[in-house]
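Working notes, structure below.
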Amino acid sequence: MSNNKEGFIAVHVGAGQHSASLKEKYQKLCRDACKVGAQNLKSNGNVLDAVVEAVMILEDSPMTNAGFGSNLTLNGTVECDASVMDGSSLQYGAVGAVSGIKNPVLLAKHLCEQQSIKFAYGRIPPSFLVGNGAHIWAHEMGIQILPPEQLISVKAQKIYKHYKRKLESCSAEVQKCAKKRMDTVGAICVDNNGNIAAACSSGGIILKYPGRVGQAGVWGCGTWACKDTSYSVGTSTSGCGEHLVRTSLARTIAEAISDTSCPTTSLHRAMSTDFIDSKFLCGLEQKLGGVIAIRYSPQEGLGDFLWSHSTNSMIIGYMNTCERASMR
């Protein structure tokens, strides 16, 4: 159990309403992401690198609402949110409403890693950057920057034009579309020593107001990872960002399953009590959210992989570094 190049990785392509005809393609995408993440872990033994590499595969696909192919804002632009958390150091990095960045999760990772660096004159390194500031910082760090229009897929452009025309005359139909594409992507990875990391990335809801930041960029809402003496716990969420931010769902679920004899029961209770029936979501007709979670005991060498969602669907994949990937 001392080999930190062995472990488990799980990914998701979001909670929402996925087309049944595209299910196999989504599953293949999850499989590819799992394989890349697992191979990265086997090669360098770093769980943070593994989750970021896996999420980058998801960001690069036009099928997901993250990175290339993200939902467009009301102004027809791509603005992405992403975050990562390292459970061993508890360091966190996030970006919000950033344009022209091919892989926002990579930028979030660099911010996370910068937390341990001392800046001159006692300045505090940023953990969360948004908009143009994030874009400038990415350039300084040598992270790949693209003309913003290169992140717009044909599919996203077509959806944007259709629902922009519908916006003034039929808001209900716009809301229906939004429910289909709230699919934040994410990943969690844990190694045999209990080192754990989690990440998520999102283009946000369709026709969102420019500058809006969802749960993927907010601490405790999109991702959570924590390694303590008993268990290592990680979560990654998806759904309506406003709902997930109000309930701090990533941290809420992680705390619910971290110290319990039955994590499955605790997950169900937390989703029901702290999300579906949350006082912070009182009055909302639908509460749209989903989560994947890992709890692992390095002392016992045993762990649980769990997921839950209130949406019509949530497509996930998971893989042990010694086995083949599985899809749901």
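Tabulated data
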read-out	value
Qualifying lysines (Cα of each under 22 Å from Cα of K208; at least 8 residues distant if same chain)	K102, K155, K158, K161, K164, K166, K176, K179, K180, K287
Surrounding net charge for E113, when Lys and Arg each add one and Asp and Glu each subtract one, Cβ distance under 13 Å	-1
The range 7-320: relative contact order as a whole-number percent, Cα under 8 Å and 6+ apart	25 percent
Hypothetical label at L167: residues of the range 78-109 whose amide nitrogen lies under 20 Å (7 Å Cα-Cβ projection)	78-81, 97-100
Between the range 183-213 and the range 299-317, the Cα center-to-center distance that results, in Å	15 Å
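All of the numbers you see were taken from the coordinates with simple rules; none came from a lab. All of these numbers come straight from a predicted model, not from anything done at the bench. Note that we place each Cβ from the backbone using ideal geometry, even for glycine, and neighbour counts take in every protein chain shown.
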